1. Give just the number: which of (1) of a type in the set (Val, Ile, Thr); (2) surrounded by fewer than 22 Cβ atoms within 10 Å (Cβ to Cβ); (3) part of a strand (DSSP E or B) does THR158 not satisfy?
2. So which residues in segment 151-177 are closer than 16 Å to ARG2 by Cβ and of a type in the set (Val, Ile, Thr), if there are any at all?
3. Just one of (1) within 21 Å of PHE237 (Cα to Cα); (2) in contact with a strand residue (DSSP E or B) (Cβ under 9 Å, 6 or more places away or on another chain); (3) in contact (Cβ under 8 Å) with a residue 60 or more places away in the chain trips up VAL41, so point out which.
4. Filtering segment 188-202 down to residues that are in a helix (DSSP H, G or I) and of a type in the set (Lys, Arg), which residue is surrounded by the fewest Cβ atoms within 10 Å (Cβ to Cβ)?
5. Counting only residues that are over 26 Å from GLU242 (Cα atoms) and within 18 Å of the chain's Cα centre (by Cα), how many does segment 189-221 have?
6. Evaluate segment 98-109: report whether one residue or more is part of a helix (DSSP H, G or I), among the aromatic types (Phe, Trp, Tyr) and at pLDDT 95 or above.
7. Could you list, in sequence order, the residues of segment 214-228 that are assigned to a helix (DSSP H, G or I) and either surrounded by fewer than 19 Cβ atoms within 10 Å (Cβ to Cβ) or among the β-branched types (Val, Ile, Thr) (or both)?
Amino acid sequence: MRRKLVAGNWKMHGLRAQLGEVEAIAAAAAANPGVDATLCVPFTLISAAVGVAGALPIGAQDVHEADQGAHTGCISAPMLVEAGATLTIVGHSERRADQHETSHDAWAKAAAARRHGLQVILCCGETEAERDAGRAERIVQSQIEKSLPDGASPEWLTLAYEPRWAIGTGRTPTLDEIASIHAIARAKLRMMVGDAALGIRILYGGSVIGTNAAAILAVDNVDGALVGGASLTAEKFVPIIEAATSVSR
C-alpha cells in the first residue's frame, strides 16, 4: 500500500520569521506517523528550515540540470544537497508557464537531482484551454512520457498532477475528473516502467485545503497532495496532514 504524502510548496514566500511555522508543521507531522509530509521552501530558507524541522524532510522548488557552470541565478543539485535538502520539485506548472520550461527541461532536472540522491516530485498538468479543448488526457500523457527520466522508481520518484487552472484559483476538478486523470497517469507510468509504477505515488495539486482534502485523498490513485498557499501556516496545513491520516486508517 502506498503511504500518503502531503507536500507543501511555499513558492516565493518565507523568511526566517516564518521558521516557527516550519517547527509547528514538523511537530504535527511527527504526531501523524502513518503518513509522510514535507515542505519545499525557497532556496534561501533551506538551511535554516533544516535546522528546525527535525525529521521533517525539507526540499527545494527547482534545480538546474547542470552541476555547476555559468548559469547566473540558478541552483545545482550539489548545492541543494549541501544546504540540507533531500528532495526537489521539477516541472511545476508555474515554471512551465512563467519560465517557459519544457518537458525536456523537467526530464533533465529530474535526472540531475537523481544523480545526487535527491528525491523528485515531477509535476504534470493541463491548462484550462487544453482541458476545454478535450486535450487534458493527451497533455498529461505527453508530459509524463517526455519528462520521466530513466530508472524511475518508487524509491525516489513521486508524480504530481496539477491542473494549471486549479492552482491558486479556488477551483478544483470534480472527484471523477481527478480520478480519471490519475488513472491515466498510472497507466502511462505502467507502460513506461512496468510494475514499478504500482509503487510510485501520484499526488493531486490545485487548491487543496483542509475542508476538501479528505474527499480528494480518498479518490483512487490519489496518494497525497501537493499544497501551495495552504502550506504556509500550520493552522492551514496541519488539517490536510490530519485528513491524510484519517483516509489512511
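The values are calculated or read from the model by the stated rules, or taken from the named source; none is laboratory data. No experiment lies behind these values; they were computed from the predicted model shown. Neighbour counts are summed over all protein chains in view; Cβ atoms, including those assigned to glycine, are modelled from backbone coordinates with ideal geometry.
1. Only one criterion in (1) of a type in the set (Val, Ile, Thr); (2) surrounded by fewer than 22 Cβ atoms within 10 Å (Cβ to Cβ); (3) part of a strand (DSSP E or B) is unmet by THR158, namely (2).
2. THR158
3. Of (1) within 21 Å of PHE237 (Cα to Cα); (2) in contact with a strand residue (DSSP E or B) (Cβ under 9 Å, 6 or more places away or on another chain); (3) in contact (Cβ under 8 Å) with a residue 60 or more places away in the chain, only one is false for VAL41: (3).
4. ARG190
5. Adding up the residues that qualify gives 2.
6. Yes, that holds for at least one residue.
7. ALA214, ALA215, ILE216, listed by residue number.
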